[in-house]
1. Are there any pairs, at least 6 apart or on different chains, whose C-beta atoms fall under 8 Å, with the first in segment 129-142 and exposed (fewer than 13 other Cβ atoms within 10 Å of the Cβ) and the second of a type in the set (Phe, Trp, Tyr), and if so, which?
2. Could we say that Ala37 is among the hydrophobic types (A, V, I, L, M, F, W, C), at pLDDT below 60, exposed (fewer than 12 other Cβ atoms within 10 Å of the Cβ) and in contact with a helix residue (DSSP H, G or I) (Cβ under 9 Å, 6 or more places away or on another chain) here?
3. Examine segment 108-127 for a residue that is in contact with a Lys or Arg (Cβ under 8 Å, 6 or more places away or on another chain) and either closer than 19 Å to Lys69 by Cα or not assigned by TED's automatic domain parsing to the domain that holds Asp89 (or both), and state whether such a residue exists.
4. Only residues that are touching a Phe, Trp or Tyr at 6+ places or on another chain (Cβ under 9 Å) and either surrounded by 11 or more Cβ atoms within 10 Å (Cβ to Cβ) or basic (Lys, Arg) (or both): list them for segment 143-164, please.
5. Does any residue of segment 69-89 turn out to be modelled with pLDDT of 70 or more, of a type outside the set (A, V, I, L, M, F, W, C) and not assigned by TED's automatic domain parsing to the domain that holds Lys136?
6. Could you check how many residues of segment 148-173 are touching a Gly at 6+ places or on another chain (Cβ under 9 Å) and not charged (D, E, K, R)?
7. What number of residues in segment 132-174 are farther than 12 Å from Ala79 by Cα and in a loop (DSSP other than H, G, I, E, B)?
8. Based on this model, can you work out whether Tyr182 counts as outside any helix (DSSP H, G or I), closer than 20 Å to Ala65 by Cβ and without any contact (Cβ under 8 Å) to a residue 40 or more places away in the chain?
Amino acid sequence: MKLSAVVCALVATSAAAFAPSNGMRTSTSLNAVDRRAAFGQIATAAAVVAFVPGAAQADGAVSAATKTKAKIVYGGRIADLKSAVAAGDFDAVAAEKNAFILFNSGAYPTAKDKPSKAKAIEGTNAIFSAVRSKDKGALKAAYDSYVASNSIKALPSLSNSQGQSYGSDFSYLAKTPAAAIYQR
């Protein structure tokens, strides 16, 4: 949209540069100077258009599908920590730090999700505070609170005989316990 408006302005500028100013024919030497000036203006405008920052911007691809993907992929990794939290395995929880970060940013990406994201980040901070202090009880309480407040559920384990849950490696169910491809 921005680019088409700039191109239209560029065409209008070049057309105005070549139009005679007073309706009378001017000498050849003035036309050459006017044309040089017009081509200079066109080249300048083209350079500006080429280097305009933000001419092509990504929208962040925020949709219900991307939120669901974050909840399933990273929420599944967080849910899989349940036995490690119960056993007090602080290293296993620390190894999945990125799952918490990616869950928080992917499940709550928009401005209207800001309060939920802040609460999720607060829960993540509580979990990793307990990991740093090696407090097993605080870790279990913070983890249970985080899982409950963010509606995190473990993915079901499916076998190939139960049906098909995905069709390509680009599916967010690929490489998860819920991945199954039916084959005869």
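The values are calculated or read from the model by the stated rules, or taken from the named source; none is laboratory data. Here the structure is a predicted model, which means the values were calculated and not measured. Cβ atoms come from the backbone with ideal geometry, glycine included; neighbour counts cover every protein chain shown.
1. Once the first residue is exposed (fewer than 13 other Cβ atoms within 10 Å of the Cβ) and sits in segment 129-142, its partners that are of a type in the set (Phe, Trp, Tyr) give Lys134/Phe90.
2. Working: among the hydrophobic types (A, V, I, L, M, F, W, C): yes; at pLDDT below 60: no; exposed (fewer than 12 other Cβ atoms within 10 Å of the Cβ): yes; in contact with a helix residue (DSSP H, G or I) (Cβ under 9 Å, 6 or more places away or on another chain): yes.
Spelling it out, it is not the case that Ala37 is among the hydrophobic types (A, V, I, L, M, F, W, C), at pLDDT below 60, exposed (fewer than 12 other Cβ atoms within 10 Å of the Cβ) and in contact with a helix residue (DSSP H, G or I) (Cβ under 9 Å, 6 or more places away or on another chain).
3. In the first step, residues of segment 108-127 are kept if they are in contact with a Lys or Arg (Cβ under 8 Å, 6 or more places away or on another chain); the result is 108-109.
With either closer than 19 Å to Lys69 by Cα or not assigned by TED's automatic domain parsing to the domain that holds Asp89 (or both) added as a condition, the list becomes 108-109.
Yes, some residue in segment 108-127 is in contact with a Lys or Arg (Cβ under 8 Å, 6 or more places away or on another chain) and either closer than 19 Å to Lys69 by Cα or not assigned by TED's automatic domain parsing to the domain that holds Asp89 (or both).
4. Of all residues in segment 143-164, those touching a Phe, Trp or Tyr at 6+ places or on another chain (Cβ under 9 Å) come to 146, 150, 152, 160-164.
Answer for segment 143-164, where residues must be touching a Phe, Trp or Tyr at 6+ places or on another chain (Cβ under 9 Å) and either surrounded by 11 or more Cβ atoms within 10 Å (Cβ to Cβ) or basic (Lys, Arg) (or both): Tyr146, Asn150, Ile152, Asn160, Gln162, Gln164.
5. First, pick out the residues of segment 69-89 that are modelled with pLDDT of 70 or more: 69-89.
If we keep only those that are of a type outside the set (A, V, I, L, M, F, W, C) as well, we get 69, 71, 74-77, 80, 82-83, 88-89.
Then keep just the ones that are not assigned by TED's automatic domain parsing to the domain that holds Lys136; that gives none.
Checking segment 69-89: not a single residue is modelled with pLDDT of 70 or more, of a type outside the set (A, V, I, L, M, F, W, C) and not assigned by TED's automatic domain parsing to the domain that holds Lys136.
6. Residues of segment 148-173 touching a Gly at 6+ places or on another chain (Cβ under 9 Å): 149-155.
So of that shortlist, the ones also not charged (D, E, K, R) come out as 149-152, 154-155.
Residues that pass the stated criteria total 6.
7. Restricting attention to segment 132-174, the residues satisfying the condition of being farther than 12 Å from Ala79 by Cα are 132-142, 145, 149, 157-174.
When the remaining residues are screened for being in a loop (DSSP other than H, G, I, E, B), the result is 134-135, 157-159, 163-174.
Residues flagged as farther than 12 Å from Ala79 by Cα and in a loop (DSSP other than H, G, I, E, B) within segment 132-174 amount to 17.
8. Details: outside any helix (DSSP H, G or I): yes; closer than 20 Å to Ala65 by Cβ: no; without any contact (Cβ under 8 Å) to a residue 40 or more places away in the chain: yes.
Taking the combined requirement at face value, the residue does not satisfy it.
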